[in-house]
Amino acid sequence: MPSLGPRDVRLAVLAASVCGTDRQILRGDRPDAASILGHEGVCRVIEIGPEVQLVRVGETFVCNPVNPDDQDEILGHSTPGLFQELVTWSEDELRRRSLLVAVDGAGNDELPFEVCALAEPLGTVLYTHELLAGTGEAPRRLAIFGDGSMGVLHALFAAEVCGASEVLLFSVDATRAAWLRTRRWWPRAVRVFGPDEPEPKSRQDTVVVCTPARASDAVLTRAVARVAPEGRIVLVGGVGAPGHPALPGMDLRVLRRTNVCGRGQPSIGRALSTEGKRLAVFGHRGTAARHLAGALALLRDWPVFREILTHCVPVEGLPAVLDTVSHTRRLDGVEYLKAAVRFPRAPSP
């Protein structure tokens, strides 16, 4: 193991979770160049250089992957990620990238390390609702496109925390939709729809798009059709082409990149759809420390959010997990939603 420089920090990865973007990178759907994947996780400081003042040995942190000053610098996407037992960063890099957010009580029964690894995706949901709060009333009737962990978390949050009266979750996979409907942890407000199933004629005040870029054009057509006039469309997943026929004059790629890590005033695009609907359209990337802290509190106090964790494996099983989920949505004979990887625990200080 190389020795540390005077301002270096070495951390042990305690747990990390597999994101949908990891699956996309493995399939070649994204051009990300990181040599090691993994951007959702929790670490403990095990060694510091003599000049380090920012952190102390024994402190535990969740990682905040997107650099708020350069949203193309992303842990596990453009720089080596958390699917390794040890990571070393300089104190300057930690500060510049706002990489670490402290966790109190991590590793106990109320907040296991594997659960802490869910803070970043759930923090993204909090960012969605923070931006929605700036556009008017809290959403009461939502449609969510995307049946992965991000779509499911948005549905759970809207129904459980916001008290939405109607949450429609749309899947393009009949098997996944059928499996999701059997989950006993859904709030009553949530209904799941598979492909080619009759859909309600109601229109929603908010539509959240949680699908990969390759699916975004078709999904946006459905989203614009489903949203009510004066409604809101939130771009959480990837965006394919910059423009879309149903939203003339809008550059969706620019919109999604405008709100970054909770910095500055929210930027909301205003659109007139080809159907004559006036809409608010916006997206976001990254999270802020407040989103991650809020997510950790939810994970501690609202056990339902832990239900997305369908698999938990030791680090030795990570290669097989990545190989499998890169091309299928079943793992060990069970429908896959989210996997966490357990690493050997760092010694206590």
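For the ranges 63-69, 119-125, what's the packing order if you count other beta-carbon atoms within 10 Å of each residue, average per peptide, and put the highest first?
Per-residue mean Cβ counts within 10 Å order the peptides as 119-125, 63-69.
Among DSSP bridges having both ends in the chain, what percentage is antiparallel? Round to the nearest 5.
Just about 50 percent of them are antiparallel.
Can you sort Cys261, Cys19, Cys210 so the residue with the fewest Cβ neighbours within 10 Å comes first?
Lowest count first: Cys261, Cys19, Cys210.
Just the number, please: percent antiparallel of the DSSP beta bridges in the stretch 123-283, rounded to the nearest 5.
15 percent
Give the distance, in whole Å, between the Cα centre of the stretch 1-34 and the Cα centre of the stretch 168-220.
So the separation of the two Cα centres works out to 31 Å.
About the Cα centre of the chain, how large is the charge dipole given +1 on each Lys and Arg Cβ and -1 on each Asp and Glu Cβ? Please answer in debye to the nearest 20.
The dipole magnitude comes to about 1020 debye.
Cβ under 14 Å from Arg203's Cβ, Arg203 left aside: what net charge do those residues give with Lys, Arg +1 and Asp, Glu -1?
Local net charge: +3.
Using +1 on the beta carbon of Lys and Arg, -1 on that of Asp and Glu, and nothing else charged, what's the dipole of the stretch 1-81 about the Cα centre, debye to 20?
Dipole about the Cα centre, nearest 20: 300 debye.
Counting just the Cα atoms, what span does the stretch 66-132 cover along each of its three principal axes? Round to the nearest Å and put the largest first.
Over the stretch 66-132, Cα extents along the principal axes are 37, 33, 19 Å.
Could you pull the Cα extents of the chain along its three principal axes, largest to smallest, in whole Å?
Sorted from largest, the Cα extents of the chain read 63, 43, 37 Å.
Sequence-distant or interchain residues sharing an amide H contact under 5 Å with Asn259, placed H: which?
Those lying under 5 Å, H to H, from Asn259 are Gly283, Arg285.
Excluding Ser165 itself, what net charge comes from residues whose Cβ is under 11 Å from its Cβ, given Lys and Arg +1 and Asp and Glu -1?
Local net charge: +1.
How large are Rg and Dmax for the stretch 123-283 when only the alpha carbon atoms are used, in Å?
14.6, 43
³J(HN,Hα) across the stretch 175-186 via Karplus (A = 6.51, B = -1.76, C = 1.60, θ = phi - 60°), whole Hz, x for Gly/Pro?
With coefficients 6.51, -1.76 and 1.60, one gets 5, 5, 4, 5, 5, 4, 5, 7, 5, 7, 8, 5 Hz.
Report, to two decimal places, the Cα Rg of the stretch 145-188 normalised by 2.2 N^0.38 Å (N = number of residues).
Normalised Cα radius of gyration, the stretch 145-188: 1.09.
Using a cut-off of 9 Å between beta-carbons, work out the net charge of the residues near Val13 (Lys and Arg +1, Asp and Glu -1, Val13 not included).
Charge balance near Val13 sits at 0.
Highest first, please rank the peptides 34-41, 80-87 by the mean number of other Cβ atoms sitting within 10 Å of their residues.
Answer by packing, highest mean first, reads 34-41, 80-87.
Please report the equivalent ellipsoid semi-axes of the stretch 1-116, computed as sqrt(5 x eigenvalue) of the Cα gyration tensor, largest first, in whole Å.
After scaling each eigenvalue by five and taking roots: 23, 18, 12 Å.
Using a Gaussian network model of the chain whose springs link C-alpha atoms within less than 10 Å, name the residue from Val260, Val227, Val161 with the highest mean-square fluctuation.
Val161
Order by neighbour count: Lys338, Lys277, fewest other Cβ atoms within 10 Å first, most last.
Fewest-to-most ranking of Lys338, Lys277: Lys277, Lys338.
Counting only residues 5 or more places away or on other chains, whose amide H sits under 5 Å from the amide H of Leu142 once H atoms are built in the peptide plane?
For Leu142, whose amide H was placed from the backbone, the distant partners under 5 Å are Glu166, Val167, Leu168.
Order 291-302, 171-182 from most to least packed using the mean count of other Cβ atoms within 10 Å.
Highest-to-lowest ranking by the protection proxy: 291-302, 171-182.
Ranked by Cβ crowding within 10 angstrom, fewest neighbours first, how are Met250, Met150 ordered?
Met250, Met150
At q = 0.21, 0.27, 0.33 Å⁻¹, what is the log10 ratio I(q)/I(0) for the stretch 244-285, with the Debye formula run over Cα points and no solvent?
Reported log10 I(q)/I(0), two decimals: -0.64, -0.89, -1.14.
Values quoted throughout were computed directly from the atomic coordinates according to the rules given, and no laboratory measurement underlies them. Remember, predicted model here, so these are calculated numbers, not experimental data. Neighbour counts run over all protein chains shown; Cβ positions are idealised from the backbone, glycine included.
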